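Accompanying notes for the structure given below.
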Amino acid sequence: MKTNSLKSALLLGALSLTVGANAQEVVPAKRDLHQHNNITYASTIGPDGRIRCHTMEADSIRRANDPSLPTLAQEEEALQREIAKFKAAQLNGEAKKIQYTIPVIFHILTDGSGAENLSAAQIQAQLDQLNLDYADQAGSSYAQSADTEVQFCLAQVDENGTPLAEPGINRITTYGDGPFGNGDYEGTNGIKAQTIWDPNDYFNIWVSDLSGGLLGYAQFPSNSGLGGLNTNGGSANTDGCVILYTSVGSVANPNPQGNPYNRGRTLTHEAGHWLGLRHIWGDSNCGNDFCADTPESSGSNFGCPTQTTCDGQQDMVENYMDYTNDICMNTFTNDQKTRIQTVMSVSPRRSTLGQNNVCNLQTVNDDIGVQAINAPTGTICGESFDPELVVRNYGTNTITSFTLNYDIDGGTNQTENWTGSLGAGQTTTIALPTQTTSNGAHTFNASTSSPNGNNDTNTSNDADAESFTLDGTGSVVTFTLDTDCYGEESVYELYDASNNLLYTGGNQNVTLPVTATQNTATTDPGAYPNETTIEIEWCLTSGECYEFTLWDAYGDGLNGSAVQGCNTDGDYQIEDEFGTVLASMQAPNGTFTFSETANFCLSGVGIDELAGNDFTVFPNPGNGIFNVTMTEAVAGDFTVSVLDVTGRVVMTNVENTDVFTIDMSGAAAGTYTVAIQTANGTMTKRVILK
C-alpha cells in the first residue's frame, strides 16, 4: 500500500515550521523510516474460527530461534534496493523479459487411506488454478492487475533423476495422517527439514491435515543473497509452503470438504509470500505492503465485502494477499509482479528454479545451448563492443567440445571452436573477439552446435539474441549519486543545449519542477534506496554542452543532518571517461532545498583542434576583458558560455556578430572554458583570468 502518512510527532516533533516575515509555512514531517514498528505478527483468527495464514507468526518464530537471521525490516530494505535496480533496468531498456517456470513437488503426508491422501487429479486441478491465478486469467476487473510471468509445472523426476510414478507428487507415510502443527514441521528435526527436496531445483509444498484451524503458511525468500545482507543457508532446509489438504482444489474442481477455502487460493496466497509478497494491509492498521497500486486497508478482510477503510479507495478484497473467500479472489497487481520478478532474479534459491529441467522427462546426452548474452546490451558508447555470453550443458554427457556461432543482424557468420570439460548442468562464460559495426540499432545473435562433434537433437535451447544500440560518436560520462536518508525524494534530469531531455531517473511520482514539498514513498516507481551509491553511465556527444538538475521532493536537498536519527549527507558527481570531474554538488552538505543545477561541456580531441581554427580569444591570459573573433561567419544567433573548472556556468550570453567581448572583471582569477554553441556544434577554448 502506498503510505502518505506524516512522520510521527515523537520522531520529528510533530510539524516543522518555517517562519517568514509575515507568515508561517507548515511543512509536513517526513514519513518514518521504520516500516515495521507497528506490525502484528500474531495470526488472525477469522469469524469461522479458522486461521487463513500463519506466515507472519511463523516468520517471527523462525527468526527468534535463529539469531543469525536478519530482521524482516532489514530484508525489506535490501529488497527495496534490488527493486529500484530492477525498475531502473526496465526504464533503461536493459531488463530482459523473463517467463519463469517453477518446478513443484507436493509432499502429501498421509497414512495411505484417509481423505488427506489426495489424488493426482486433485493435485493437477490445484496446479492448473495456480497457473491461472499467476497468469492473470481469473477474471480481475482492476486495470492494475498483472500477469506475473511466473508459471508452475509438476516435477517429472526426483532428486536422483529417476522418473516419478506420479508427476509432482511425493507421498509420505512416515508421520501418519496428522493433524500437524507448526512445531511439527519446523526445526532441524521437523518434517520439512527431514523431507525437503533440493530447494534450488524444487518448490516444496507440504500438504496435510493441520491443527488449530490453520489453512497454511509460507517461508519468505529470506537470507537470499539480497544486497546488504549476509547470505545464510540455515533456513534452506525449511524453504517452501505448508497447506491444509482441504484447501487443495480449483474454481473448476473445488475440494468438497473445504468451502469457502476450497478453490486453491490458499496456495496462491502462500506462494505469494514465498515469492516475497506481503499482506495487503501491511499487517497493521492501514499499514504498508510496499506496493503502491494496492489501496490501504485497516486489516484483513473475510468473506467478500465492499468497503473503504483507509485512504478513500475501496479495499482490494479481490487481491490474493487478503483473507477473503477463495471465490472472491482474482488479482495480483503490477507492483506485486515487480516484487515477484525481482525476487526471482536475485534470490539464489528462487533464481535457480527451472534450470535443471526437472519438469522435462526428455533427456539428451549431448545438449549444449546459449543460456544468456551478457554483452552487448542497451546503448554502447564507442565504435566497438566485446561480446560475452554464457553457455550451459543441458545434457547428461560431459561436453568437451562444441562450436559457437554468432553474427550481427544476421550478417556474416563467425565461429568459435570451444574445447574443455563442461559437466552436466554446468555453465561457462565465453568472451568473444571485439566487434565493430555501424552506428544505430542492431541485434547480436549467438547459437551453439556440434556438442562433442555430434548433432544436438534438442535445438530449442541452442540460440539467443540481444538487441543493442551502438553510438560511435558518444563518450561515456558517469553520474554518481550518493543518496541521503530519503533516496526516494531524489530525481535528476539531463538536457542538451537544445533543451532535449536525454536522461532522467529517480522517483517517477515526483512532479517536476518541484516548488513545494511533495509526499514520497520508497515503493514509488523508480525511487532510489536510502543511503546508497547509485552509478549511472550516460552516452554523450563530445563537444556538446549539457544542463544537469537534481531535484529533491521534500525541499531539504541531500542534507541528512536535518533528519533526526540520520546523519548521512548525500552528494553527486559527474565525470568523463578520463576521470575529469565535469560537475559536482555545489551546496555545502547538500542543503540546496528543492533543486540544484549544474552546466558542463564535454570536450573532445576533435573539438579542441577545431576550436583553434574557428574563433580566437585575446588577450589570453587576460585581466577581465576578453575579445573574441569568429574566424568564420556564423549565421543567426549562437550561445556563448563561460564555465569554471567544476563545469559550473558562471555566465552566458547570446551573440549574433563575428566580433564581441566577454567581460569577466568580477570573476575570480583562474582557468575557465569558453564554449560557443552554434547550429553546427560546440567550440571550446581555455582562457586564463589573472
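The set of residues in segment 547-598 that are surrounded by 18 or more Cβ atoms within 10 Å (Cβ to Cβ), of a type in the set (Asp, Glu) and within 25 Å of the chain's Cα centre (by Cα) comprises Asp552, Asp569. Taken together, the criteria place Ala375 among residues that are in contact with a Pro (Cβ under 8 Å, 6 or more places away or on another chain) and not hydroxyl-bearing (Ser, Thr, Tyr).
Of all residues in segment 430-453, those satisfying the criterion of being assigned to a strand (DSSP E or B) and within 26 Å of Asp471 (Cα to Cα) are Ile430, Ala431, Gln435, Thr436, Gly440, Ala441, His442, Thr443, Phe444, Asn445, Ala446, Ser447. Looking at this structure, is Thr459 of a type outside the set (Asp, Glu), in the same structural domain as Ala372 (by TED's automatic domain parsing) and free of Cβ contacts under 8 Å to residues at least 12 places away in the same chain? Here the answer is yes, as Thr459 does meet what is asked. Just so you know, in segment 638-690 the residues that are among the polar types (S, T, N, Q) and loosely packed, with under 14 Cβ neighbours inside 10 Å include one that is nearest to Tyr572 (Cα to Cα), and it is Thr671. Would you point out which residue out of Thr522, Thr515 is among the polar types (S, T, N, Q) and modelled with pLDDT under 90? Going through Thr522, Thr515 in turn, just one is among the polar types (S, T, N, Q) and modelled with pLDDT under 90: Thr522.
Suppose we keep only residues that are modelled with pLDDT under 95 and among the charged types (D, E, K, R) within segment 87-130. Which one would you say is farthest from the chain's Cα centre (by Cα)? The selected residue is Asp111.
Pick from segment 74-104 the residues that are of a type in the set (Gly, Ala, Ser) and assigned to a helix (DSSP H, G or I): which of them is nearest to Gly378 (Cα to Cα)? Outline the logic, then answer.
We begin by selecting, within segment 74-104, every residue of a type in the set (Gly, Ala, Ser); these are 78, 84, 88-89, 93, 95.
Okay, now just the ones that are also assigned to a helix (DSSP H, G or I), so 78, 84, 88-89.
Values: Ala78: 26, Ala84: 18, Ala88: 12, Ala89: 10 Å.
The residue in question is Ala89.
Taken over segment 392-419, residues that are within 30 Å of Ile536 (Cβ to Cβ) and in a strand (DSSP E or B) amount to 2.
The values are calculated or read from the model by the stated rules, or taken from the named source; none is laboratory data. In this text, all values refer to a predicted model and were calculated from it rather than measured experimentally. Methodologically, a virtual Cβ is constructed for each residue, glycine included, from the backbone with ideal geometry; neighbour enumeration extends over all protein chains shown.
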